[in-house]
Every structure is written in C-alpha cells, then in structure tokens.
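Enquirer: Below is one structure. I have some questions about it.
Here, each number is a calculation from the coordinates, and none is a lab measurement. Nothing here was measured: the structure is a model prediction, and the numbers come from that model. Counting neighbours? That spans all protein chains shown, and the Cβs are built from the backbone with ideal geometry, glycine included.
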Amino acid sequence: MDEMQEPLFTTVKLEDFVPADHPLRPLRLLVNQALKRLNGLFSTIYADSGRAWIAPEKLLRALLLQVFYSVRSERMLMEQMRYNLLFRWFVGLAIEDAVWDHSVFSKNRDRLLEHDVVEAFFTEVMSLADKQGLLSREHFSVDGTLIQAWASHKSFRPKDGSDDPPAGGGRNADTDWKGKRRSNDTHESSTDPDARLFRKSRQSGAILCYQGHILMENRSGLVVGAVVSHADGFGERASALRLLDCVPGRHAKTLRADKGYDMRDFVRDCRARKVTPHVARNDTHQGGSAIDGRTSRHTGYGISQVSLPAKNVPLAECVKLTQGGWKDG
C-alpha cells in the first residue's frame, strides 16, 4: 500500500516552490518597493494602538491575489491561503504561520479606506513605473464596464414603502413585479441603496449595478486611473473626464475610446482640455458622429482605430479582473 511518510524536519523554503520565471516574482518585487515607501503612512495609522498583529502589508498583498486570480470572496481567499504555497509566499506567510480569519478584512477595511491607503499604494506603483520609463504622458485609452451589485431584484422596492413585504413574509418573500414600472427615481435596493437598475444594451436585461471606469496609458498598457460611479448612462463620459483631469500636465494628449463616447458634449469637453478625442465614430447616432475632420483627417486617428481591438485587450482584461475581485460573499 502506497503511503506518504512525512519527514520530521525539512530545509525546503517556500521560495523553492516558486518557479524562477513565475510572473508573480517581478510583481512581488514591485509591490514590496511600493509598500516600503508607505511605511510612514502605516506608522501614522497605527500610532495610537501600535501595529496590528496582521501587518497591513500582508492584507494588501492578499487583496492583490484576490484580484489577480479572481477569487470571488475573502472567505475563499483565506481557504486558498491555507494550502496554496504560492499564495503564502507572495503574502509573506511562512509554512507554519497561522492564517487569519476572513473577518480581519472587514475589521481593517474601514481603517485602510479612511487613510486612503489603497490610493497611496496605487500612486507609489505608478511612480515606480514612471521612473522606469514605462508610462506614456500623451496617449491614453478609456473604457468602462458594469459591476454587478451584491443585491437581488427582490430588494429593489418603492422608496415610499408602498410595496413592503407582508408581515411574516421575511426578506425573501415572493415578489411579482410583472407589469409594474420600476425606475431608479421611484425604487431603490433595500440592501444596497447606491446600486442602480441599468442595462448595458437593448439586448441585455437590466441588473442592479455600478459602473467601473479605467484609464490606460498606451505605451505599456498600464492602468493609471480608476473610479467607480453610479450606473446612470452618463457615468462613462463624466468619469473619463474626471480621470483625464488627474493626468499631470497641460500638454496636448490623445484619448482612445469606443463608440459609446461619441457624444458632442464629451468631444467638446475633451478638446477644451487639449485632449484630441480618438473616439470611434458612431454614424448611426441621431445627428451623426461628433468626430469631424479636425480629428479624423490625421494619420494618428486612423492608426488608433485600426489597433483599437488589440490595444484594448489589457484594459478589458483589467476591467474583468477588477469586476471579479470586488465581489465578496
């Protein structure tokens, strides 16, 4: 009978289990450099109570893994941490170290958000990339996606309480909204009031969701800005302008985007910011495309449209990963 006999002692290190060419190796170096530069911020956050027994650096590394591998909940993330040696190595846990409970994320999230730790970490990563000459300062792409809210259609009820479930029915009582008009003006989710009922297209069903928006520089395909907005039909363009306003410098820039951004007010606002809108033309739109000869006559515009699908792959994948990483169960 084949049985495994474990040695009493071993000299193998976690490092030995990670292939030399694994993509997480250079990422871990970059992450550790950025976290080292945040040491002063961490000391300020925990000045009164002292450092937490779970270092904030470990929490951030773990959350990065959740995004990289689309782990759908923090509970599942910690399960992976128990037996996944790659995860332990990246986070900085030794083989014999105990794994913290998933509730630690909930207890520490407010503190990290209050002190803008995630934004500071993102800024440090961008600074390191910029020092290596990886970032373009002139050419950008923008894209967005719907982020499904952690709320069901049953929770979408009239704001005035006229459709409250019957006594004793509970939160999951049967709800029949067939033939009833439901809109964000009159209804809201009882479990996630900030979520909005929105559909991506006429062919898709409406869902309770938010909109996520990402700005990518075109040299290396690195994300340089990200925001979340209400899903209201205007969020994509308003958020794109907000992201552009965060790009340093008043020099001329270009912005590549899909047909959803081909609106006259957006094109006008881009030009007012010295940003040439390399937006795909939507000639089926009422009134025609907002992109005229001032933009389309230039060679750069044609090149941007030909390479749009291929160049936007990193951006689309990042949006998908972000969508998967933000959901928690």
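Enquirer: Determine by what factor the alpha-carbon radius of gyration of region 181-308 differs from 2.2 N^0.38 Å, reporting the quotient.
Expert: Normalised Cα radius of gyration, region 181-308: 1.18.
Enquirer: Taking the Cα atoms of region 85-125, what is the range of coordinates along each of the three principal axes, in descending order and whole Å?
Expert: Cα spread of region 85-125 along its principal axes, largest to smallest: 32, 25, 10 Å.
Enquirer: Now a separate question. Calculate for the chain the 222 nm mean residue ellipticity that helices alone would give, adding -39,500 (n - 2.57) per DSSP H run of length 4 or more and normalising by residue count, nearest 500 deg cm²/dmol.
Expert: That comes out to -11000 deg cm²/dmol.
Enquirer: Could you order the peptides 17-24, 194-201, 58-65 from most to least packed, using the average number of other C-beta atoms within 10 Å per residue?
Expert: On the way: 17-24: 11.4, 194-201: 16.8, 58-65: 19.9.
Sorting 17-24, 194-201, 58-65 by mean packing, highest first, produces 58-65, 194-201, 17-24.
Enquirer: Once you put a point 7 Å from the Cα of A272 and another 7 Å from the Cα of K154, both along the Cβ direction, what distance in nm separates them?
Expert: Each label point is offset 7 Å from its Cα along the Cβ direction, giving 4.7 nm.
Enquirer: Just to be sure I understand the model, the point goes 7 Å from the Cα along the line to the Cβ. What's the resulting L86 to L128 distance in nm?
Expert: 2.0 nm
Enquirer: Positive end of the dipole of the chain, charges at C-beta (+1 Lys, Arg; -1 Asp, Glu), about the Cα centre: which of I303, G249, V228 has its Cα farthest in that direction?
Expert: I303
Enquirer: Fewest to most neighbouring Cβ within 10 Å: what's the order for W100, W89, W150?
Expert: W150, W100, W89
Enquirer: Here's something else I'd like to know. How large is the dipole of the chain about the Cα centre if only Lys and Arg carry +1 and Asp and Glu carry -1, each at its Cβ, rounded to the nearest 20 debye? Mind dumping the intermediate values first?
Expert: Details: 47 positive and 42 negative charges, 300 e Å.
With only Lys, Arg, Asp and Glu charged at Cβ, the dipole is about 1440 debye.
Enquirer: What Kirkwood radius, in Å to one decimal, follows from the Cα pairs of region 14-123?
Expert: Result for region 14-123, one decimal place: 14.7 Å.
Enquirer: Based on DSSP, what percent of beta bridges with both residues in the chain are antiparallel, to the nearest 5?
Expert: Values: 22 of 30 bridges.
Counting DSSP beta bridges with both partners in the chain, the antiparallel share is about 75 percent.
Enquirer: Hey, another quick one. Once all Cα-Cα distances of region 76-150 are split into 10 Å bins that start at 0, what whole-number percent is in each one?
Expert: Cα pair-distance distribution for region 76-150, in percent: 14, 24, 37, 22, 3.
Enquirer: Run the numbers for E119 and D232: contour at 0.36 nm per residue of separation, minus the present Cα-Cα distance, in nm.
Expert: Length gained between E119 and D232: 38.2 nm.
Enquirer: Another question, then. What does the convex hull of the Cα atoms of region 1-45 come to per residue, in Å³, rounded to a whole number?
Expert: Taking the convex hull of the Cα positions in region 1-45, it is 166 Å³ per residue.
Enquirer: Another question, then. Please give the residues of region 276-290, grouped as numeric ranges, whose backbone N is less than 12 Å from a label point set 7 Å along the Cα-to-Cβ vector of Q305.
Expert: 278-284, 289-290, by backbone N distance to the label point.
Enquirer: Further question on the same structure: Could you check which residue among G293, G133, G212 shows the biggest mean-square fluctuation in a GNM of the chain with a 10 Å Cα cutoff?
Expert: Residue with maximal mean-square fluctuation among G293, G133, G212: G293.
Enquirer: How much of the calculated P(r) for the chain lies past 37 Å, in percent of all Cα pairs?
Expert: 32 percent
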